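Working notes, beginning with the structure itself.
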Amino acid sequence: MHKLLTDNPGEQMLLLGNEAIARGAIEAGVAFTSTYPGTPSSEISLQFFQMSQECDLYFEYSTNEKTAFEVAAAAANSNVRSMCMMKHVGLNVAADGLMTLAYIGVKAGMIVLTADDPFMFSSQNEQDNRIYARLAGLPMLEPSSIQDAKDMIPYAFDLSEKLQEPVIFRTTTRINHSSGIVKLGKIKPRVTKGNYTKDPLNHVPVPAVARKLHVKLLKNLDTAQGIAEKSEFNIVEGKGKWGIICNGVSYNYVRDAVTDLDIADSARVLRLGFSHPMPDTLILNFLKACEKVLIVEEGEPVMEEAVKAMAQEEGITLPIKGKGEGLLTRLYEFSPAQVENVIAGYFGVPYEPKEAVDLSDIPEIPQRPPTLCAGCSHRATYHEINKAVEELGVETIYPTDIGCYTLGLLPPLSTADFLVCMGSSAGTAGGFSQVTDKKVIAFIGDSTFFHSGIPGLINGVFNNHNFTLVILDNGITAMTGHQPHPGVDMKQFNMEGYGQVSIEAVVRAIGVPHVAVIKPNKVKKSIEAIKEAINFKGISVIISQEPCVLYAKALKLTKQRPFEVTDKCKNHRDCMNYLACPAFYVWNERIKIDPNLCTGCAVCAQICPENAILPLKKKKVPA
Amino acid sequence: METTRLIIVAVGGQGNLLASSVLGEAALLNGVPLRMSEIHGMAQRGGVVESALVFGDAESTIISDGEADLLVGFEPAETLRAINKCNAETTVITNLAPLMPFTVNIGQGVYPDLAELQNLIRAKTAKLIAFNAAKLAEEAGNPLGVNMVLLGALTQTGILPLSAENVKEAMERKTKKAFLDSNLKAFDLGFKAAEQAA
Ligand code: SF4
């Protein structure tokens, strides 16, 4: 049985934040779950995916975050508790629906989980999605600890049902990817089938209806504020005239600092776990007990601005600070020492940080950026693009997209020039091709193509743009941990009840005039096909098909023999200079291949001018 | 309860997260409060993986610069890269078997000299325990057991509030049955290596 289905209230388990969240949802009787994978939220979905194979919980990998949101919204409006998870930028994709579902509301509880990523460990920006709660007028909960993460989910479901509104649950990477010991609670039975009651005058927001619904939303916000005033997740601790208001993981740093600086008698702390709408009365009473207040929040000064506005309206004139010179920053995630330092400085308490070792004489250490796996087919495709471009002598622009293949950015491949967001490769390709005379070759992965690449391609066909779109089809959503997508044949995993959408059929149906399917591990043939596509005036699409080798290896689908560099090698180093596969290493000034890393894709063997790279003689290599 | 802070750094694929989860399980079994966090952006693609484990009474799961009591590096250059987490009292344990970053292979950057690397760490911290953990893992019959060798070594230091029995019991629960024997052997070899270095 899946460990998160353990029905043993009181048991203590070491859980990852994302597991604790999934467990919280199970305890709340969630019955319908959906997602588009995105770090740092992916493990929540993985838990649901696994559990859905063992019980009547419904889970789906949706085509994109907007769809994940919509299916969950319908379930919640049919009296089934639902939850959809996404990374912070995913909420931008779902935001269109979010803004108006706030007007329409829900029947059963619905949680929209956004996993923010301060410091951008695995994201393209560090937007602060607390602002969405304000924009949509929806309640927001923010856990500070792993236990919180579990406990707040059932609370959020109840709250959502009480208000008949979706609730936004906001985490940051340090919650998602931290572990702690969690005490389990009771599991509520799941209600998996619902009923939908027609109510078009409340559910179809034509202007006359929407005007009425907005009034309802504002009323709901008032009710929500009343609940926030008394919420068990909004806590005041300590006594004294120094006030600290904080949220999320910052609360932990504040608590550690208060202990370490020994200021529990002079500092009081307000932690906002139910952070929108803000509990005005609670905050004002807190301010009135203080002489000086510091706001500790990662990201934007959301609480700071609100608290300052509240104080102004009440005529409270104490100093309230948060972001600024010598204080806290809007950048990145905080560290405990940084918070302690600012608290000590602001309140004038002596603080001696642990002195880190002197770094001045540490030599420069070579960077270790992530790189495409040994044998990754993207490397082959990119090399073939580079060769084709070189042979044709064209100047290029490479719009790219989000996935492992973004790593084509790095030398020696250097096949990424411009990236904005999911699906932007196809859209921006149209713009570049319209205003420049360069050959535009855009790259998009299979999952990203389904997510949001299709409209850009349709746009190119309709508006008669001139670019080549290379769809890197490796049969899985690789980067976020190998989740399926609509192009995947689920039968290969012995999973029944799924359809399958052919990328090639979609591309042809869109009316792309030139379509070629290549097998990137066949180098010569692929280069020829790429050259033809590049020479085509108008929209051309290359579908480069080869399974993600990391996934194929994990499923034991490949049994190819590794290769070795034989004595025929004349040290041209084309293999290293063009491909730089991580299976290569340099030993005594010669290139060698690590047989434990080599996947036997044979791409390097095809580009070696001396034909010096051959299958390893020995039959079996120890793992 | 006193707070002890451990940082583990590794290259993706070296089994750092499994090692952390073994320590987490050991703490749970032993009733030691524990919080940990891991940063593994694109670990499977050869990037750096860092785990922070905080034992005892503290709320934070991040270890600030200079705050680590123990730094364990699964790869020598990565150990050196994480030295900012150490202070003069920190104990450092490192594997000495390098994994070349591909940047070095394509001629961007020079891999640090191993003798100099050890001298630097030794001069700046309280103690350095350095040995070839990859060799010991192979000796134990599981080349992927570097993580278990280093678990043995870090347990030997006695800095964490966990006994060898605790950790071994947690290994039984958290690692694959088929590898348990070789993992326990790897643990013992690491334990001994740290003893000899002492
Ligand atoms: S996970 Fe798959 S797609 Fe991603 S780099 Fe590795 S082989 Fe390539």
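The values are calculated or read from the model by the stated rules, or taken from the named source; none is laboratory data. Note that the structure is a prediction, hence the values are computed from the model and not measured. Please note: Cβ atoms are built from the backbone with ideal geometry, for glycine as well, and neighbour counts cover all protein chains shown. Side chains are part of the model used for accessible areas, which takes the heavy atoms of the whole protein and leaves out ligands, DNA and RNA. Shrake-Rupley method; radii C 1.70, N 1.55, O 1.52, S 1.80 Å.
Considering only residues of the range A:357-388 that are near the ligand (Cβ under 10 Å from one of its atoms) and part of a loop (DSSP other than H, G, I, E, B), which is nearest to the chain's Cα centre (by Cα)? This residue is A:PRO370. Checked against the criterion of being touching a residue at least 60 places away in the same chain (Cβ under 8 Å), under 15 Å from A:TYR351 (Cα atoms), open to solvent by less than 40 Å² (accessible area, probe 1.4 Å) and more than 14 Å from chain B (Cβ to nearest Cβ), the candidates A:ILE263, A:ILE245 yield just one match: A:ILE263.
Only helices (runs of 4 or more DSSP H) whose full extent lies in the range A:135-241 are considered here, and the ones with at least 3 residues that are touching a residue at least 24 places away in the same chain (Cβ under 8 Å) are A:146-163, A:173-176, A:207-230. Here the condition is being assigned to a helix (DSSP H, G or I) and at the interface with chain A (Cβ under 8 Å from one of its Cβ atoms); of B:ALA77, B:ALA58, it holds for B:ALA77 alone.
Every test in (1) surrounded by 23 or more Cβ atoms within 10 Å (Cβ to Cβ); (2) more than 29 Å from the chain's Cα centre (by Cα) is passed by A:GLU291 save one, and that test is (1).
The set of residues in the range B:12-35 being open to solvent by less than 10 Å² (accessible area, probe 1.4 Å), within 21 Å of B:THR79 (Cα to Cα) and hydrophobic (A, V, I, L, M, F, W, C) consists of B:ALA19, B:VAL22, B:LEU23.
Run down A:VAL349, A:VAL357, A:VAL302, A:VAL307 and say which single residue is touching a Lys or Arg at 6+ places or on another chain (Cβ under 8 Å) and away from chain B (no Cβ under 14 Å).
A:VAL302
The single residue among B:THR103, B:THR155 that is β-branched (Val, Ile, Thr) and within 10 Å of another protein chain (Cβ to nearest Cβ) turns out to be B:THR103. Would you point out the residue of the range A:310-346, among those that are open to solvent by 60 Å² or more (accessible area, probe 1.4 Å) and within 13 Å of chain B (Cβ to nearest Cβ), that is farthest from the chain's Cα centre (by Cα)? Going through the qualifying residues, I end up with A:ASN341.
I'm checking my understanding of the structure. Among residues of the range A:548-580 that are within 16 Å of the ligand (Cβ to nearest atom) and part of a helix (DSSP H, G or I), which one is most open to solvent (accessible area, probe 1.4 Å)? Ranking the candidates gives A:LYS553 first. Identification of strands (runs of 3 or more DSSP E) wholly contained in the range A:10-73 with 1 or more residues that are among the basic types (Lys, Arg) yields no element.
For the range A:349-376, which residues satisfy the criterion of being over 17 Å from A:LEU410 (Cβ atoms) and open to solvent by 60 Å² or more (accessible area, probe 1.4 Å)?
Keep residues of the range A:349-376 that are over 17 Å from A:LEU410 (Cβ atoms), which gives A:349-365.
Those that are over 17 Å from A:LEU410 (Cβ atoms) and open to solvent by 60 Å² or more (accessible area, probe 1.4 Å): A:PRO350, A:GLU352, A:PRO353, A:LYS354, A:GLU355, A:ASP358, A:LEU359, A:SER360, A:ASP361, A:GLU364.
Residues that are under 31 Å from the mean Cα position of the chain (by Cα) and among the basic types (Lys, Arg) within the range A:186-205 comprise A:LYS186, A:LYS188, A:ARG190, A:LYS193, listed in sequence order. Considering the range A:389-438, and only residues there that are β-branched (Val, Ile, Thr) and in a loop (DSSP other than H, G, I, E, B), the residue that is farthest from the ligand (Cβ to nearest atom) turns out to be A:THR436.
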